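Working notes, beginning with the structure itself.
Values quoted throughout were computed directly from the atomic coordinates according to the rules given, and no laboratory measurement underlies them. Predicted model, so just to flag it, every value in this text is computed and none were measured. Please note: Cβ atoms are built from the backbone with ideal geometry, for glycine as well, and neighbour counts cover all protein chains shown.
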């Protein structure tokens, strides 16, 4: 039938609609049986048409999926040159290690050992590393200096080195000292000017170190820039004030010897003070010593001070004389003393027949004798021989006044000529009072001699010279001299030495005291 043919041959939905229109057009001519058949066929046609459309769409979708899969399988993976390609972390790490090894090889070629640089952030470019090394060379640092502190290679020229050095230059630190400055404290190049350096400089100024002295302090002790403000610096200053060092003396002391700021109180300063006290030096005298000779605190107790104290006693110095020796000649505590004592003892034994006990007495009267050069001493001995003094006379004179071995020989000649030709005295007078050579000819000897000569008085050199001008005026008021009036031989006055310095304005002192208390 046409209906079957049309329903079978036309699979599309639009075909079924066309045929339905034709059937509907002839619907009135069909009998009941035909109507039934037509209805059945029409349902079949609609089912076939809809199923065919669905099948076609599923086929198209499947075909499209296969084509997409085929396209993806045919697509090639992106190459390394793709903009979207990213290296792995492992690859990046390997690249960095390779670049670092290249820089290490460059450093080794210059003689720099890079072993300590592991873990330090370094430039991966040889050019940047060369720039840093060249800059350090221009400052005066050598390869050996860099090897002493290779971490300096981690400092950027523009970000670290130049800002720090510019700041030091503005403070007044001389460029000629930069090399030595960096040799002693290369860590300064890691510092921040604002965070690290400026606060230290302000703190130093607060300790009464004058602004124009700051550069010299930094040049002498650059390590001070690395100290904490509330650490060793503050405790050392507080301890010095506590033992009696004048508050106004702190600034001058630190200017002359800034190393004190790095000394620990418990390990260095306090044991030193206690050592001097143990041999009889009063604490106030220790304070005056530190004010006058702050470098004493740098002497090693174990290697210098204690061994030297023992050496003095061994060479005939009495224990009760130790305090005055240390106070009059503080440097004796830091000398290589034993060898000097032995050398001088042998010298005096050979030339003046001085025994060991007598040599100890010479050291007590003039501790500086341990440092005198023997050649000048010999010139003084020859001068005294030329004046007519015997060896025994010279020994007596040296034991009585060893200072004559350190005087200017030209001045001694002038005094002796006046003694011989104007005073017309015997050599025995000088043997009895060898300190005659220590007095000023114009200021003391001549005026006093003329006064007693005018009055017709006869007296010893000691009575004439060993007194103050006021005391001499009193003597000149006497009508005659019944007995020789001699003053005691001058000795060192520890009490006078221990007195604190007096200041002109007490109110000004009080103002400073308040500031010091705050400090």
Subject >> Residue order, fewest to most surrounding Cβ atoms within 10 angstrom, among 461, 342 >> reply: 342, 461
Subject >> Computed FRET value (nearest 0.05) for residue 183 with residue 301, which takes r as the C-beta separation and R₀ as 25 Å >> reply: 0.35
Original post:
Is region 353-484 rounded, prolate or oblate when judged by the Cα gyration tensor, a ≥ b ≥ c being the square roots of its eigenvalues, rounded requiring a/c under 1.5 and prolate requiring a/b larger than b/c?
Top reply: prolate
Original post:
For the pair residue 277 and residue 175, what calculated FRET efficiency results from E = 1/(1 + (r/R0)^6), where r is the Cβ-Cβ distance and R0 = 35 Å, to the nearest 0.05?
Top reply: 0.20
Subject >> Efficiency of FRET from Cβ geometry, residue 424 and residue 310, R₀ 51 Å, rounded to 0.05 >> reply: 0.55
Subject >> residue 194-residue 125 pseudo-label distance in nm [points 7 Å out on the Cα-to-Cβ vector] >> reply: 2.7 nm
Original post:
Got a sec? How would 249, 131 order by Cβ neighbour count within 10 Å, fewest to most?
Top reply: 131, 249
**OP:** Determine the distance separating the Cα centre of region 203-233 from the Cα centre of region 87-166; give it in Å without decimals.
**Re:** 31 Å
**OP:** Note down the nm distance, to one decimal, between modelled labels 7 Å out along Cα→Cβ at residue 347 and at residue 442.
**Re:** 3.2 nm
Subject >> Length released on extending from residue 411 to residue 328, taking residue separation times 0.36 nm less the Cα-Cα span >> reply: 27.5 nm
Original post:
Where does each of 428, 219, 422 land when they are ranked from fewest to most other beta-carbon atoms within 10 angstrom?
Top reply: 428, 422, 219
Original post:
Separation between the residue 355 and residue 243 pseudo-spin-labels, each 7 Å from Cα along Cα→Cβ, expressed in nm?
Top reply: 3.9 nm
**OP:** Counting only C-alpha contacts under 8 Å and six or more residues apart, can you give the relative contact order of region 155-226 as a whole percent?
**Re:** 40 percent
